[in-house]
Amino acid sequence: MKSNKSIGCLVTECRFHAKSEPMCSLESIQVSKNKPTAATTESDTECASFEQE
Ligand code: SF4
């Protein structure tokens, strides 16, 4: 799978992960908040383009 060097990712369980390199294979991704209030830490954000393998 072709890796997008602009999107580093360690989530190998995702069907879009490049596998051979620590990167995403999509052209672009959507990053979202996982709570309705203001994000204040890294864990308040997530990749909304994730899909299970
Ligand atoms: S879609 Fe998101 S979680 Fe999946 S490989 Fe790409 S960046 Fe990682």
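Each reported figure results from applying straightforward, stated rules to the coordinates on display, with no laboratory input. Computed from a predicted structure; not experimentally measured. Reconstructed Cβ throughout: ideal geometry from the backbone, glycine too, with neighbour counts over all protein chains shown.
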Exercise. With a point put 7 Å past each Cα toward its Cβ, work out how far Ala39 is from Glu13 in nm, to one decimal.
Key: 2.0 nm
Quiz item: Are there GluC sites (Glu not before Pro) in segment 1-46 that DSSP puts in a loop and that have at most 10 other Cβ atoms within 10 Å, and which ones?
Solution: Glu13, Glu27
Exercise. Please give the length that would be gained between Lys2 and Ser20 if that part of the chain were fully extended, namely 0.36 nm times their separation in residues minus their C-alpha to C-alpha distance (nm, one decimal).
Key: 5.6 nm
Practice problem: Let me know the Rg and Dmax you get for the chain when you use only its Cα atoms, in Å. | Solution: 11.9, 36
Quiz item: Karplus couplings for segment 37-43 from phi (6.51 cos²θ - 1.76 cosθ + 1.60, θ = phi - 60°), rounded to Hz, Gly and Pro as x?
Solution: 8, 4, 6, 10, 9, 3, 6
Practice problem: Taking amide H positions as placed in the peptide plane 1.01 Å from N, state which residues far from Ile7 in sequence (5 or more) or on other chains have amide H under 5 Å from it. | Solution: Cys24
